[in-house]
Amino acid sequence: MTDMNILDLFLKASLLVKLIMLILICFSVASWAIIIQRTRILNAATRDAEAFEENFWSGVELSRLYQESQARRDSLTGSEQIFYAGFKEFARLYRANKHAPESVIEGALRAMRISMNHELEALENHISFLGTVGSISPYIGLFGTVWGIMRAFIALGVVKQATLHIVAPGIAEALIATAIGLFAAIPAVMAYNYLNQRVNKLEQNYGNFMEEFTAILHRQAFSSDSK
């Protein structure tokens, strides 16, 4: 029994099949880099959101919390960034439109939605690439396989007697392209679904916080207006 040597099969493959294999390997390396990077970023975003919301609901005054956030405004993320944008707009509009609380709340809510969309856009960065890799890699690998098998059968035309010993190496080197395509696609698809699920969960958490914070601003705006 002859052991399969993947490197040997790669070196014996045609130039086009080699190029396809290299493309798929690059896709795989890029996918794993994105998976690791996005996982770390999402873990950090989850921890930051939990820490800030715990501080938010601890009973600290909103003005004091805003001042603390303002001191670090260049490094704010997640719920804290949404809070900062909303409270800043609320304070600005309230000074100019104290007797129009509906407009104040609407403006603060709009600022928080814009901030949340920016946060989600940053979290989703590069995740779509994983979906692309998962979709096209098997087909790229299959193209390399078809091309390699076609060359193997064409080569049979120049020999008088076709045997498995002659055909097997050409077909094996062609099938390696499909194997590499699946190797690149399967982790990418699994990570794409997992990371999107994490982003959706954070989006839900941000949305819940935004609604709860809006309710607090609503009470403050209308209670002040009624005095």
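Coordinate-derived values only; no laboratory data. Please read these numbers as outputs of a predicted model, since none were measured by experiment. Ideal geometry is used to build each Cβ from the backbone, glycine not excepted, and the neighbour counts take in all protein chains shown.
Each label point was placed 7 Å from the Cα along the Cα-to-Cβ direction; for Leu142 and Arg40 their separation is 3.6 nm. Take the Cα of Leu16, step 7 Å toward its Cβ, do the same at Val60, and the gap between the two points is 6.3 nm. Aspartates and glutamates near Lys88 by alpha-carbon distance under 19 Å, same-chain residues fewer than 8 away left out - which ones? Those aspartates and glutamates meeting the cut-off are Glu53, Glu61, Glu68, Asp74, Glu80, Glu102, Glu106, Glu119, Glu211, Glu212, Asp225.
Principal-axis analysis of the Cα atoms of the chain puts helix 127-156 at an angle of about 10° to the longest axis. Listed options for P(r) over Cα pairs in 10 Å bins from 0, in percent are [x] 8, 23, 19, 14, 12, 10, 8, 5, 2, 0, 0; [y] 7, 26, 25, 19, 15, 7, 1; [z] 8, 33, 37, 17, 4, 1, 0. The value calculated from this structure is the one marked [x]. Put simply, when 140-152, 18-30 are sorted by average Cβ atoms within 10 angstrom per residue, most first, you get 140-152, 18-30. Of the chymotrypsin sites (Phe, Trp or Tyr not before Pro) found in the stretch 60-104, no site is in coil according to DSSP while having at most 11 other Cβ atoms within 10 Å of its Cβ. Per-residue ellipticity at 222 nm from helix content only, as computed over the chain with -39500 (n - 2.57) for each DSSP H run of at least four residues, stands at -30500 deg cm²/dmol.
Here the label points at Ile154 and Trp32, each 7 Å from Cα along the C-beta direction, are separated by 3.4 nm in the simple model. Pairing the Cα long axis of helix 15-56 with the longest principal axis of the chain, what angle in degrees results, from 0 to 90 and rounded to the nearest 10? It works out to around 20 degrees.
Compared with the dominant principal axis of the Cα atoms in the chain, helix 62-71 is inclined by about 50°.
Here the translational diffusion coefficient of the stretch 44-122 follows from Stokes-Einstein with Rh set to the Kirkwood radius across Cα pairs; for 20 °C and 1.002 mPa s it amounts to 165 µm²/s.
The stretch between Lys98 and Ser75 holds 5.2 nm of extra length on full extension. This uses 0.36 nm per residue minus the Cα-Cα distance.
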